[in-house]
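Here the structure is laid out as C-alpha cells; the discussion comes afterwards.
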Amino acid sequence: MIKSMTGFGRCEIAEADRKITVEMKSVNHRYLDVTIKMPKKLNFFEAAIRTELKNFMQRGKVDLFITYEDFTESNVCVKYNKELAAEYMQYFDRMAEDFSLDNDIRVSTLARFPEILTMEEQTVDEEQLWKLLDKALKGAAENFVETRIREGENLRNDLIAKLEGMLAHVDFITERSPEIIEEYKEKLTKKVEELLSDKQVDESRLLMEVTIFADKVCVDEELVRLRSHITATRDALLAGGSIGRKLDFIAQEMNREANTILSKSSDLEISNRAIELKTEIEKVREQIQNIE
C-alpha cells in the first residue's frame, strides 16, 4: 500500500476526571515537519510525542493539536507564604514606628497582599498522564494513517491509469518512427527525380541522405528508457511503501526523455504525441508530490 501525505485524525480519551483530545492534519512536504500546539502542562512530553509520531509517518507537514481538561476538585490548593507575610509585618511595624501610627493590619488585610496566598496546581502523576496522552495520540495517529491509506489508494489507481495512457503514446511513437523514415525516403526520391528529369538517381547518395536523416530523428533510446521508467513507476506503485521521493526522481527522468523526443521530432503526429506525453508526465509529477 502507498500513503498520501494528506490526512486527518482525531481521538478523544476521557478517564476518571481527565479528558485529552488529539487532532492532527497534514499536507505534502519534502520531509517530516511536525508543529505541536498543546497546554504548557504537557510540554514535558514533546520529545516523546515526536518520537511516537515517527512510528506512523515519514513525510509531510503535520499540525498536531492537543487539549487537556482536568475536572478533579483537588487539582489546585492554596499556598500560604509565611516568610513573605512576616516580612510584610516587619515593614508595617517599622512604618508605624517611623510615623507614630497605629499598626492596624488585620489578617484579612494582610492576606490580600501579593503572593501571601496563592493558588497552586497539584502535582500530576506524569506516568499516568502520559498513558492517557499516549492512548489518545495513538488513536488519532491510527485514524490519521487510515485516511492517508485511503487517499493513497485513490492516488495509485489514478496514477496507474495515467501511466497506461502514457504507454499508449510511447507505442504510437514507436510504430510511427520507422514510417517517417520511409516517407522521407519516398519524398526525397521523388524530389530528386523531378530535379534530374531523365538522369539516373544516385542510390548511394540517396541512401546516405536518408541515413543522416534517420540518425537525426532517431528516438529509439529515448523510447526504451521512457518505457522502462513508466514500468518502474507502475511496479513501485504496486509494491507500495514510502516511495514518493523515488517516484519524483523517475518522473523528472521521464520528462527529460519526452523533451528529447519532442526536440528531435520532425513529424507533426509524433510532436503532438510528445506534447501529450509531457502533459501527462506533469500531471503524474503533481500527483506524486502527495505520496509519502
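The values are calculated or read from the model by the stated rules, or taken from the named source; none is laboratory data. All figures in this text were calculated on a predicted structure; none of them were measured in a lab. Here the Cβ positions follow ideal geometry from the backbone for every residue, glycine too, while neighbour counts run over all protein chains shown.
What to note about this one:
- Whichever residue in the range 176-204 is at pLDDT 60 or above and either closer than 21 Å to Asn259 by Cβ or among the polar types (S, T, N, Q) (or both) and, among such residues, is surrounded by the fewest Cβ atoms within 10 Å (Cβ to Cβ): Ser204
- So Leu137, is it in contact with a strand residue (DSSP E or B) (Cβ under 7 Å, 6 or more places away or on another chain) and not assigned by TED's automatic domain parsing to the domain that holds Gln58: no
- Within the range 52-66, one or more residues are small (Gly, Ala, Ser) and either touching a Pro at 6+ places or on another chain (Cβ under 8 Å) or in contact (Cβ under 8 Å) with a residue 60 or more places away in the chain (or both).
- Applying the criterion of being crowded, with 16+ Cβ neighbours inside 10 Å and more than 35 Å from the chain's Cα centre (by Cα) to the residues of the range 215-232, the residue that is modelled with the highest pLDDT is Val219.
- The one condition in (1) part of a helix (DSSP H, G or I); (2) at pLDDT 90 or above; (3) surrounded by 16 or more Cβ atoms within 10 Å (Cβ to Cβ) that Leu64 fails to fulfil: (1)
- Residue within the range 24-35 that is touching a helix residue (DSSP H, G or I) at 6+ places or on another chain (Cβ under 7 Å) and surrounded by 17 or more Cβ atoms within 10 Å (Cβ to Cβ) present: yes
- Phe56 being part of a loop (DSSP other than H, G, I, E, B), modelled with pLDDT of 90 or more and either surrounded by 11 or more Cβ atoms within 10 Å (Cβ to Cβ) or charged (D, E, K, R) (or both): yes
- Residue under evaluation Phe92, criteria (1) of a type in the set (Phe, Trp, Tyr); (2) touching a residue at least 24 places away in the same chain (Cβ under 8 Å); (3) farther than 30 Å from Thr21 by Cβ, criterion not met: (2)
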